[in-house]
Amino acid sequence: MATTMAAASTVIGLGSSALSPARSSSSKRTHLTSGFVKAPVAPRNPLRQAKACGGKFTCFERDWLRTDLNVIGFGLIGWLAPSSIPAINGNSLTGLFFSSIGTELSHFPTGPALTSPFWLWMVTWHIGLFLCLTFGQIGFKGRTEDYF
């Protein structure tokens, strides 16, 4: 039975086009058209662009981070100043964070407990610092590149 199926010379496919199992490279290829499918388009390589960066294509700038020590310095000072204001029961956020570090280091081999206030002060202080650095980077680079 398998030999009779393999011996079939023509297979009728969609659109009643005859497809031959043993086709030569010189035979004409039949393209089916439909109102739902667009005409076949030659595939393009998105990485090959004419005269892009002297023949080289990069997805992003090499210096994408564009680090600047001014942003780090001013961002750290910009966060240390407001976080050092004694606004939490007469203590500052920086003071509470640094004193909790000292408290936890007093029993050094053992780490801080999950109920320790160290975690609250650490997370709060660092979220404020990273927000200050992020907005500082946006503001400083936006000003130097004339975005605003």
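Which residue out of 108, 97 is at pLDDT below 95, among the aromatic types (Phe, Trp, Tyr) and more than 30 Å from residue 144 (Cβ to Cβ)?
108
Anything in the range 64-95 that is in a loop (DSSP other than H, G, I, E, B) and either closer than 16 Å to residue 142 by Cα or open to solvent by less than 70 Å² (accessible area, probe 1.4 Å) (or both)? List them, or say none. Give the derivation first.
Within the range 64-95, the first condition is being in a loop (DSSP other than H, G, I, E, B), and the residues that meet it are 64-68, 84-87, 89-90, 92.
Once the filter is applied, which keeps residues that are in a loop (DSSP other than H, G, I, E, B) and either closer than 16 Å to residue 142 by Cα or open to solvent by less than 70 Å² (accessible area, probe 1.4 Å) (or both), the range 64-95 yields 64, 65, 66, 67, 68, 84, 90, 92.
Within the range 96-135, can you find the residues that are outside any helix (DSSP H, G or I) and either hydroxyl-bearing (Ser, Thr, Tyr) or surrounded by fewer than 16 Cβ atoms within 10 Å (Cβ to Cβ) (or both)? Before you say what the answer is, go through the steps one by one.
If we filter the range 96-135 for residues that are outside any helix (DSSP H, G or I), which is where we start, we get 106-116.
The answer is 106, 107, 108, 109, 110, 111, 113, 114, 115, 116.
Mind checking which residues of the range 124-140 are within 17 Å of residue 97 (Cα to Cα) and touching a helix residue (DSSP H, G or I) at 6+ places or on another chain (Cβ under 8 Å)?
Step one: filter the range 124-140 for residues within 17 Å of residue 97 (Cα to Cα), giving 124-130.
Those that are within 17 Å of residue 97 (Cα to Cα) and touching a helix residue (DSSP H, G or I) at 6+ places or on another chain (Cβ under 8 Å): 124, 125, 128, 129.
The values are calculated or read from the model by the stated rules, or taken from the named source; none is laboratory data. Since the structure is predicted, the reported quantities are computational estimates derived from the model, not experimental observations. Cβ: placed from backbone, ideal geometry, glycine included. Neighbour counts: every protein chain shown. All accessible areas refer to the heavy atoms of the entire protein, side chains included, with ligands and DNA or RNA removed. Shrake-Rupley method; radii C 1.70, N 1.55, O 1.52, S 1.80 Å.
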